[in-house]
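Down below is the structure, laid out as structure tokens.
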Amino acid sequence: TSAMEDGRGKASLPGQGEDQSKAEAGEAKHEHKGEDAETEANIGADHEVDADTFASEIEIEDDARLRLTEHKGPVHCLAINADASLALSGDQEDMALLWETKTGKVVKKLSGHKDTVVCVGWNADETAYATCSMDGTIRVYNTKSGKVRTLKGPDCEIYWFQWHKKGPVIIAGCGDGTVWMWHALNGKVMQVLSGHADVCSCGSFSHDGKLIVSGSHDEKAIVWSPKTGEPLHKLQAVNLRGFHNAPLTCIKAHHNKPIMVTGAEDGSAWICSLSKGSSKPLKQLTEHKQSVEAAEFSRTLDWVFTASSDGTIIVSDVAHGQVRSKIEHSGAITRALWHPKAPAILATGTDTLVQLWDARNGKQAREMRGHSDAVLALAMSRDGALVFSAGDDGTCAVFDLKAGAGKRSARPAENGKTNEIAESKKEEEKGNHN
């Protein structure tokens, strides 16, 4: 999914074009026929209804505790700090905002980029935070002083970045296929990893931070040594018995194991080993019909999910790759993530809904409304109480699950009980033994 230009010449994110197009509005013309005078009096004879005016008069049910409306265009990215008191969000109008999640107060407007802000986030100890743009720069802000340092180097778009789990190091994937690594505090370029023949669409540090893995539209995944900048392993279908035969869209390393999950545009997904000695495909997961947009390992169960623009989420066990459940979302999925404390998945997409799903049986537990267009970014507090979302409607929303935000599913779960996600240790252990 290469970068596309919108009507104003702005570069938009890969894979966010066709699934997020707005429905075309039409006109409704009512002619007087004399058969129902009362109805005609209500709507007005021969009155042409303007679609935009009609849509603006419709009240959208909003379950959000708070909604930020300070952005001037679609919001592409969102991140929260450790205690969920602050949020970062970046938009298509080259602007990022730092804001309080309790009040919605904008603490700081982070200007300076010249193209869409595509990624934001804090470092591990929250002494700094960064914004990344399609203009080829990353801006790093000192949390205390507010001073900013611009990381430069790439002569093309940057699609993603990631902080190291421990140190002040940033890696980023670029449109020319390179991966850049900087020391974020002094701006020094530490490595430029060159080996891909197309856009570097995804990447990550390994669980221990000792390796880097990158994925590309050239259908390869490469494992790198951060110290030497040399490629250690190349995962490519032509050299292996099985791997992706399509551009890679996502890579996610396990949080404490030397493995990763990869997804591609053709709907394929693989679990692979990720170590210095050996990095190779281990097992192929059940395929989707369309592009895999997100994949992630659970922190409470030995499970992994893959989420697709075909509207499905497939939950599989890591050991054997067997399907545990299948979730049918009501629209193309753009973002999904595991609940940090429970066997549940939070997902959103082009249907404007944010939904919480029980991963054990594929049933919906909660549905949160309020966005008027496709949702592009998603985050959750570490205790699982707060949900954050942002999207094409230019707003950011905060939903409070503990306060009862969103519609609870009335459908019974497989065990006959109401379909709420049990967060107790007993339920988690039960799920681990399934």
Could you give the distance between the Cα centres of the range 355-376 and the range 124-153, to the whole Å? 32 Å
Where Lys and Arg each count +1 and Asp and Glu each count -1, what net charge lies around residue 156 among other residues with Cβ under 14 Å from its Cβ? -4
How many angstrom lie between the C-alpha centres of the range 75-112 and the range 206-224? 29 Å
Sort the following peptides by mean Cβ neighbour count (other Cβ atoms within 10 Å, averaged over residues), highest first: 371-378, 348-355. 348-355, 371-378
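Within a Cβ distance under 12 Å of residue 223, other residues only, what is the Lys/Arg minus Asp/Glu net charge? Numbers along the way, then the final one.
On the way: positive: 210, 220, 234, 276, 280; negative: 230.
Cβ neighbours under 12 Å give a net charge of +4.
Show me the ranking of peptides 398-406, 213-221 by mean Cβ neighbours inside 10 Å, starting with the highest. Write out the running numbers ahead of the final one.
Working: 398-406: 18.1, 213-221: 24.0.
The most tightly packed comes first, giving 213-221, 398-406.
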From the phi angles alone, apply the Karplus equation (6.51, -1.76, 1.60; θ = phi - 60°) to the range 314-328 and give each ³J(HN,Hα) in whole Hz, x where the residue is Gly or Pro. 10, 9, 10, 7, 6, 4, 10, x, 6, 6, 9, 7, 10, 9, 9
Largest first, how would 70, 100, 367 line up by accessible area (1.4 Å probe)? 70, 100, 367
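What's the local net charge at residue 135, with K and R +1, D and E -1, over the other residues with C-beta under 9 Å away? Walk me through the intermediate numbers first.
Numbers: positive: 114; negative: 94, 115, 157.
Result for the local shell: -2.
The values are calculated or read from the model by the stated rules, or taken from the named source; none is laboratory data. Just so it is clear, the structure is predicted and the values come from calculations on it, not from any experiment. Virtual Cβ from ideal backbone geometry, glycine too; neighbours counted across all protein chains shown. Only protein heavy atoms, including side chains, enter the accessible area calculation; ligands, DNA and RNA are left aside. Shrake-Rupley method; radii C 1.70, N 1.55, O 1.52, S 1.80 Å.
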